[in-house]
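Right, one structure below, let's go through it.
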Amino acid sequence: MRLEILLSAGIFFGGTFFSGYALRRLIKIKNEGFLFSITAGTMLWWALMELILVPMTMLHVSFQSFVYVYSAAAAVLTVCGICCWKDIMEDGKMLAKEWRKYLTFGHLAALGFIVYQLVYIHHHMYLEWDDTYYVNLANEAVYSNQIYWVYPETGSFPDFDKRYVLSLWPIFYAWLSKLIGVIPTIMAHTILPWLVIPLAYMVYALIGKKLFPEDSQLQGMFLAMAVLLHLFMSGQHTAGLTFLSITPWVGKGVLAAVLLPMLFLLVLRVSRKNTYKEWLLLGISGLGGCLLSSMGIMLIPVFIGMAAVLIAVQKRTVSYVLCGLASCLPCLVLGLYYIYLTH
Amino acid sequence: MLQEFFETAKSDFLATFGGAWIFPILIISIIWILVKEKEWSRKILFGILPLAFLALYWCPLSGQLFIKLLGEDVYWRVLWLIPLAAVIPYAGCMLLKMLTGVKRQIAFVGLMAVLVLGGKSVLSAEWFEASTNVYKIPQYVVDVCDLLPGNIHAVMSNRLTPYVRLYDPTITLEYARNALIFNGVEDVSNRGATANLYKAVQESEIDVDVVGPLAREQGCTFLVFSLNRTYKGNWEDYGYREYGTTSEFRIFVDVNYEEGQDTRKWEE
């Protein structure tokens with residue numbers, strides 16, 4: 001299983017890393033480092049998947065066709081990112097010069113907690129009852145070659161539950177499973193935690209870096225406390241942070257643990273630099289969030305909208321509200337469509 | 001209606017923040033940030049924004065709109081909007097920023113201790129159990145599925161239905177969670193064969209004269225029940241024979257089933 005985990009991590013982090021550079025080149029965001037590229041690339045991958053997957057599902061296209069189309073799109077983005085080698089080298093040089101400053105007590109403590117969390121989760125299991133629907137949705141895609149048109153719990157009759165059609169996150173790991181050659185159940189339960197948990201903490205590392213750019217010690221301490229909050233929460237199933245440990249493969253969990261913190265990071269950036277490229281990143285992340293859970297379609301505009309209004313009041317400029325509205329547009333369109341489908 | 005909303009909001013709030021000191025820590029952090037932070041944009045994002053989301057959660061107007069759109073069962077998810085893991089560490093770091101050297105490190109350890117002692121470990125036996133297979137499903141499911149061939153249609157014990165297709169998606173099931181709606185229904189005679197079959201196999205003593213014909217009618221090639229079930233009647237009368245057992249389950253097979261046969265069911 002180690003090989004499969006390494007391969008999945010290689011495809012996911014490698015692909016999103018280069019795709020992140022492609023996106024950064026396009027919107028001219030330089031010198032933000034490797035982690036920013038991975039997180040931005042991930043948002044781009046998820047947004048792209050939402051754009052491709054929703055129409056393909058509605059048109060009853062086979063899963064195999066989706067795998068071809070999405071793999072080609074991700075490959076093109078990755079190749080474009082590789083072409084940005086000058087930007088990559090610049091960030092690489094900066095990291096080579098500064099890596100020692102990240103060897104702080106806080107960073108080491110955070111790393112220790114993260115490794116403990118990953119190893120613990122790797123050797124234990126949490127039985128999630130909803131897997132019988134969501135993980136089997138991915139299994140059904142791989143085995144029956146149909147996206148979402150089979151009732152996944154029994155596999156014995158056609159089904160089209162309108163509630164989830166806009167947020168088919170399981171198809172993302174069905175796609176990864178297809179590339180790696182494992183059943184989606186193993187991808188979800190055993191491999192995905194190795195991708196989602198580090199990704200979530202990358203976002204917090206970036207928030208810490210944004211808050212304390214000159215003090216790497218505080219960056220490490222910020223990260224360590226953020227990790228601890230995920231490990232020593234109330235322990236209630238309903239707490240968003242808990243999802244990262246118990247069900248990191250569930251779309252809702254990824255929404256709570258990765259996407260919403262990512263939006264917070266981008267809002268933090270926007271509050272300093274009110275530029276179109278920052279808002280574009282927010283818009284892409286919002287669209288990517290719609291893939292994760294239908295809950296995201298609603299929570300994302302609320303999050304961005306509330307933050308944009310508060311910043312607009314503080315800065316006394318209406319442009320924040322207008323840009324916030326524009327970045328929520330993909331969610332709003334999908335939201336209206338969701339209401340149309342379900343009511 | 002208003003009282004109903006506040007009851008939902010209160011129970012969801014307590015379910016999310018109960019059993020730990022996380023909410024008081026959050027409030028103290030927000031107050032600390034509002035008092036000490038000089039930069040207004042940070043004051044807004046780390047202090048006022050979480051308060052605004054709390055207000056949104058408790059406001060009956062927005063709350064009822066959320067409940068209408070999201071559903072009452074999942075109203076607690078609105079609380080995810082509060083960026084807990086950014087606000088609390090930031091407040092902690094603002095405190096640490098005032099210190100240097102060893103004092104800062106000691107204070108950092110102290111703050112980590114507060115978070116650990118104020119919460120409850122998520123990585124514990126309360127939520128997790130040791131995994132025995134890479135699928136991370138109960139071992140008894142793997143044991144049953146290893147005995148069964150693929151591409152079959154089956155009726156299974158309720159303990160198996162949530163997990164069987166996670167191990168082998170080529171197995172189709174006569175029912176799964178969709179049958180739970182029949183649990184509170186006394187008379188399902190007019191609800192179709194699947195409902196009747198589901199109800200019949202819930203009995204501790206299974207009436208083979210009822211289950212046998214229904215299973216055959218529904219094309220179930222394999223039947224899997226807990227070992228503790230007893231049977232009234234003879235399976236052979238309905239064309240089934242015992243196929244095998246695991247430590248927890250007994251498996252029956254249609255006598256006409258041939259090895260490698262595809263008996264999966266598909267209902268339009």
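Observations on the structure shown:
- Count of the stretch B:11-33 residues which are of a type in the set (S, T, N, Q) and farther than 12 Å from B:Val87 by Cα: 2
- Within the stretch B:80-102, the residues that satisfy the criterion of being in contact (Cβ under 8 Å) with a residue 24 or more places away in the chain and facing chain A (nearest Cβ under 7 Å) are B:Leu81, B:Pro83, B:Leu84, B:Ala86, B:Ile88, B:Tyr90, B:Gly92.
- Counting only residues that are surrounded by fewer than 16 Cβ atoms within 10 Å (Cβ to Cβ), assigned to a loop (DSSP other than H, G, I, E, B) and of a type outside the set (Phe, Trp, Tyr), the stretch A:128-158 holds 2 of them.
- Per the listing A:Met221, A:Met225, A:Met262, the residue uniquely farther than 19 Å from A:Tyr116 by Cα and buried (at least 22 other Cβ atoms within 10 Å of the Cβ) is A:Met262.
- Pair list, Cβ < 6 Å and 6+ apart or interchain, from the stretch A:178-191 residues that are in contact (Cβ under 8 Å) with a residue 12 or more places away in the chain to residues that are polar (S, T, N, Q) and part of a helix (DSSP H, G or I): A:Ile180/A:Ser8; A:Pro184/A:Asn139; A:Pro184/A:Ser177; A:Met187/A:Ser177; A:Ile191/A:Ser8
- When the helices (runs of 4 or more DSSP H) confined to the stretch A:236-306 are screened for residues that are touching a Cys at 6+ places or on another chain (Cβ under 8 Å), aromatic (Phe, Trp, Tyr) and farther than 23 Å from B:Phe66 by Cα, those reaching at least 2 such residues are found at A:276-292.
A quick yes/no check of all residues on (1) under 19 Å from A:Val69 (Cβ atoms); (2) acidic (Asp, Glu):
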site	(1), (2)
A:Tyr126	no, no
A:Tyr133	no, no
A:Ala138	yes, no
A:Ile147	yes, no
A:Glu153	no, yes
A:Pro158	no, no
A:Tyr164	no, no
A:Leu168	yes, no
A:Ile171	yes, no
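- Of all residues making up the stretch B:69-79, the number that are within 10 Å of another protein chain (Cβ to nearest Cβ) and either free of Cβ contacts under 8 Å to residues at least 40 places away in the same chain or not in a helix (DSSP H, G or I) (or both): 6
- Per-region count, the stretch B:4-47, residues more than 12 Å from chain A (Cβ to nearest Cβ), hydrophobic (A, V, I, L, M, F, W, C) and surrounded by fewer than 20 Cβ atoms within 10 Å (Cβ to Cβ): 8
- Residues that are facing another protein chain (nearest Cβ under 7 Å) and among the small types (Gly, Ala, Ser), drawn from the stretch B:120-137: B:Ser121, B:Ala130, B:Ser131
- Those residues of the stretch A:265-292 which are surrounded by 24 or more Cβ atoms within 10 Å (Cβ to Cβ) and among the hydroxyl-bearing types (Ser, Thr, Tyr), in sequence order: A:Ser285
- Residue ID - farthest from the other protein chains (Cβ to nearest Cβ), chosen from residues in the stretch B:57-68 that are surrounded by fewer than 18 Cβ atoms within 10 Å (Cβ to Cβ) and without any contact (Cβ under 8 Å) to a residue 40 or more places away in the chain: B:Leu61
- Residue count for the stretch A:112-153 under the criterion of being among the β-branched types (Val, Ile, Thr) and farther than 25 Å from B:Thr132 by Cα: the result is 2.
- Residue that is nearest to A:Leu241 (Cα to Cα) [pool: residues in the stretch B:105-119 that are surrounded by fewer than 19 Cβ atoms within 10 Å (Cβ to Cβ) and at the interface with chain A (Cβ under 7 Å from one of its Cβ atoms)]: B:Val116
- A:Leu228 being facing chain B (nearest Cβ under 9 Å) and either among the polar types (S, T, N, Q) or touching a residue at least 60 places away in the same chain (Cβ under 8 Å) (or both): yes
- Any hit, the stretch B:48-55, residues being β-branched (Val, Ile, Thr), without any contact (Cβ under 8 Å) to a residue 24 or more places away in the chain and facing chain A (nearest Cβ under 7 Å): yes
- Number of the exception - B:Val141 against (1) part of a helix (DSSP H, G or I); (2) within 7 Å of chain A (Cβ to nearest Cβ); (3) among the aliphatic types (A, V, I, L, M); (4) free of Cβ contacts under 8 Å to residues at least 40 places away in the same chain: (2)
- For the stretch A:88-110, filtered to residues that are within 14 Å of another protein chain (Cβ to nearest Cβ) and buried (at least 16 other Cβ atoms within 10 Å of the Cβ), the residue that is farthest from the chain's Cα centre (by Cα) is A:Thr104.
- Exclusive hit being of a type in the set (Val, Ile, Thr) and under 22 Å from B:Thr170 (Cβ atoms), set B:Thr246, B:Thr230: B:Thr246
- Restricted to the stretch B:81-131, and to residues there that are part of a loop (DSSP other than H, G, I, E, B) and of a type in the set (D, E, K, R), the residue that is farthest from the chain's Cα centre (by Cα) is B:Lys120.
- Total residues in the stretch B:222-250, condition farther than 18 Å from B:Ala200 by Cβ and either of a type in the set (Val, Ile, Thr) or in a strand (DSSP E or B) (or both): 6
- Candidate set: the stretch A:113-127, residues that are outside any strand (DSSP E or B) and in contact with a Pro (Cβ under 9 Å, 6 or more places away or on another chain); chosen: the one nearest to A:Lys252 (Cα to Cα): A:Leu127
- A:Cys331 more than 23 Å from B:Ile48 (Cα to Cα), in a helix (DSSP H, G or I) and not β-branched (Val, Ile, Thr): yes
- Of the criteria (1) at pLDDT 90 or above; (2) out of contact with any Asp or Glu (no Cβ under 9 Å at 6 or more places or on another chain), which one B:Tyr175 fails: (2)
- Test result for A:Tyr133, in contact with an Asp or Glu (Cβ under 8 Å, 6 or more places away or on another chain) and within 14 Å of chain B (Cβ to nearest Cβ): yes
- One residue stands out among those in the stretch B:169-201 that are part of a helix (DSSP H, G or I) and within 21 Å of the chain's Cα centre (by Cα): the one that is farthest from the other protein chains (Cβ to nearest Cβ), which is B:Phe182.
The values are calculated or read from the model by the stated rules, or taken from the named source; none is laboratory data. As the structure is a prediction and not an experimental result, all values here were calculated from the model. Every residue, glycine among them, receives a Cβ derived from its backbone with ideal geometry; neighbour counts consider all protein chains shown.
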